[in-house]
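Written out below as structure tokens is the structure these notes cover.
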Amino acid sequence: LLFTATGAIAAPTPNQMPGAGVVTNCSVALCTNFGGVGSPITGLVSGVPIGIDGKAVIQWGGAGSPVDLTNPAGFNIGSSGHLIFSAISPNSAVLNIDASGSASQIFGLLESSVPPGSSAPAIFVANANGIVLGAGGRIVAPTGVGLIGANLNNATAKNDFIGNNSTGVSHID
């Protein structure tokens, strides 16, 4: 059991994956294997990769998010969950914004994989309500990971992430 300023929160269920995702920004027309801007990302299954082409911003939960019958809204990974981001092209990066209103909880494996002939995408997770890395949580990101305790769910931050020539976020409102 974890404690925050707002009280106790329960860990995500063992096989839980992020839920109610929607692609909000892309650097190329189809920036994920789910599609481009406006594409829902729902029904994720542990161990099945999300392909990232260029730079992508995915909002998990919050206003405008799709209904996800498999996983609760937000960026959470249960103890048996395995979320993989795989690069479709070199220098790819993904900004995951948890807009669910609750802290993100990583109790399983968050991985940036390296497909043959490519490089692993950089992974960023932003949540103004915090990010909890549980005792069994692991992050494997050879090209970098950013855990950002700020609200990046705004047009300026999203556009700066997509427009930045490196894989970092250059502007936070």
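Take every pair of alpha-carbon atoms less than 8 Å apart whose residues are at least six positions apart; their mean separation over the length of the chain yields a relative contact order of 19 percent.
Rolling a 1.4 angstrom probe over the protein heavy atoms with all chains in place gives the range 52-101 an accessible area of 32 Å² per residue. For the peptides 153-162, 24-33, the ranking by mean Cβ contacts within 10 Å, running from highest to lowest, is 24-33, 153-162. First compute the accessible area of the chain with a 1.4 Å probe, then give the percent of it belonging to carbon and sulfur atoms. Here it works out to 56 percent.
Diagonalising the gyration tensor over the Cα atoms of the range 41-173 and scaling each eigenvalue by 5 before taking the square root yields semi-axes of 20, 19, 14 Å, largest first.
Take every pair of alpha-carbon atoms less than 8 Å apart whose residues are at least six positions apart; their mean separation over the length of the range 61-123 yields a relative contact order of 42 percent.
When each pair of different Cα atoms in the range 1-104 is counted once in the 1/r mean, what is the Kirkwood radius in angstroms, to one decimal?
Numbers: mean 1/r = 0.0717 Å⁻¹.
Kirkwood hydrodynamic radius for the range 1-104: 13.9 Å.
Calculate, for VAL114 and VAL45, the FRET efficiency according to 1/(1 + (r/R0)^6) with r their C-beta to C-beta distance and R0 30 Å; round to the nearest 0.05.
Computed FRET efficiency for VAL114 and VAL45 comes out at 0.90.
The phi torsions of the range 94-106, fed into the Karplus equation with coefficients 6.51, -1.76 and 1.60 and a -60° offset, translate into couplings of 10, 9, 9, 9, 8, 10, 6, x, 10, 5, 6, 10, 10 Hz, rounded to whole numbers, with Gly and Pro shown as x.
The values are calculated or read from the model by the stated rules, or taken from the named source; none is laboratory data. Since the structure is predicted, the reported quantities are computational estimates derived from the model, not experimental observations. In this analysis, Cβ positions are derived from the backbone assuming ideal geometry, glycine residues included, and neighbour counts consider all displayed protein chains. These area figures cover heavy atoms from the full protein model, side chains too; ligands, DNA and RNA do not enter into them. Shrake-Rupley method; radii C 1.70, N 1.55, O 1.52, S 1.80 Å.
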